[in-house]
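K.L.:
Pasting in a structure now, in C-alpha cells, and then I'll have a few things to ask.
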Amino acid sequence: FIFHTNATLLHKHEEFLKKIVKNIHSFHISIDAATEETYKKTRINGKWNDMLAGLEISKKLVTLILC
C-alpha cells in the first residue's frame, strides 16, 4: 500500500495500520502548513494536534517497515 494523507485521521486507524505494516510501501503526507496558526486558516475544522499525532504514528510505522 502507498498512503497519500494529511495525517489527521491516522490516529483513528493506528491498530489497523500496525496489522498491515508489512504491506505498506510508503506514506506521502501533506501537512498543509508550518505553524498551528496557519494550519487553522488552511484546514478549516482541521486539528493541528491530530496532524502531529498522525506524523508520530507514521514515524513509528516507517520504523517497523524498515526493520
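The values are calculated or read from the model by the stated rules, or taken from the named source; none is laboratory data. This structure is a prediction, so every number in the text was calculated from the model and none was measured. Glycine also receives a Cβ, built like all others from the backbone with ideal geometry; neighbour counts cover every protein chain displayed. Each accessible area value is taken on the protein alone, full model and side chains, heavy atoms only, with ligands, DNA and RNA left out. Shrake-Rupley method; radii C 1.70, N 1.55, O 1.52, S 1.80 Å.
K.L.:
Would you mind working out the accessible area per residue for the chain, using a 1.4 Å probe, and quoting it in Å²?
P.N.:
With all protein chains present, the chain gives 72 Å² per residue.
K.L.:
Report, in debye and to the nearest 20, how large the dipole of the chain comes out about its Cα centre when Lys and Arg carry +1 and Asp and Glu carry -1 on their Cβ.
P.N.:
Approximately 160 debye in magnitude.
K.L.:
Further question on the same structure: Given a 1.4 Å probe and every protein chain left where it sits, what share in percent of the accessible area of the chain is carbon and sulfur?
P.N.:
58 percent
K.L.:
Placing +1 on the Cβ of each Lys and Arg and -1 on the Cβ of each Asp and Glu in the chain, which of H4, L17, W48 has its Cα farthest towards the positive end of the resulting dipole?
P.N.:
Going by the Cα projections, it comes out as L17.
K.L.:
Now for a different question. Any idea what angle helix 48-66 forms with the longest principal axis of the chain, computed on alpha-carbon atoms, 0 to 90 degrees, nearest 10?
P.N.:
The helix 48-66 is inclined about 20 degrees to the chain.
K.L.:
Right, next: Could you give the C-alpha radius of gyration of the chain expressed as a fraction of 2.2 N^0.38 Å, taking N as the number of residues it contains?
P.N.:
Dividing the Cα Rg of the chain by 2.2 N^0.38 Å gives 1.14.
K.L.:
Something else: Note down the nm distance, to one decimal, between modelled labels 7 Å out along Cα→Cβ at I65 and at L9.
P.N.:
1.9 nm
K.L.:
Dipole size in debye (nearest 20) for region 28-67 around its Cα centre, Lys and Arg Cβ +1, Asp and Glu Cβ -1?
P.N.:
The calculation lands at about 60 debye.
K.L.:
So, one more: Give, in nm to one decimal, the length gained when the segment between N23 and E56 is fully stretched (0.36 nm per residue of separation minus the Cα-Cα distance).
P.N.:
Full extension from N23 to E56 adds 10.0 nm.
K.L.:
Follow-up. Which residue, I44, I24, I57, tops the fluctuation ranking in a GNM of the chain built on C-alpha contacts under 10 Å?
P.N.:
Maximum fluctuation in the GNM of the chain, among the listed residues, is at I44.
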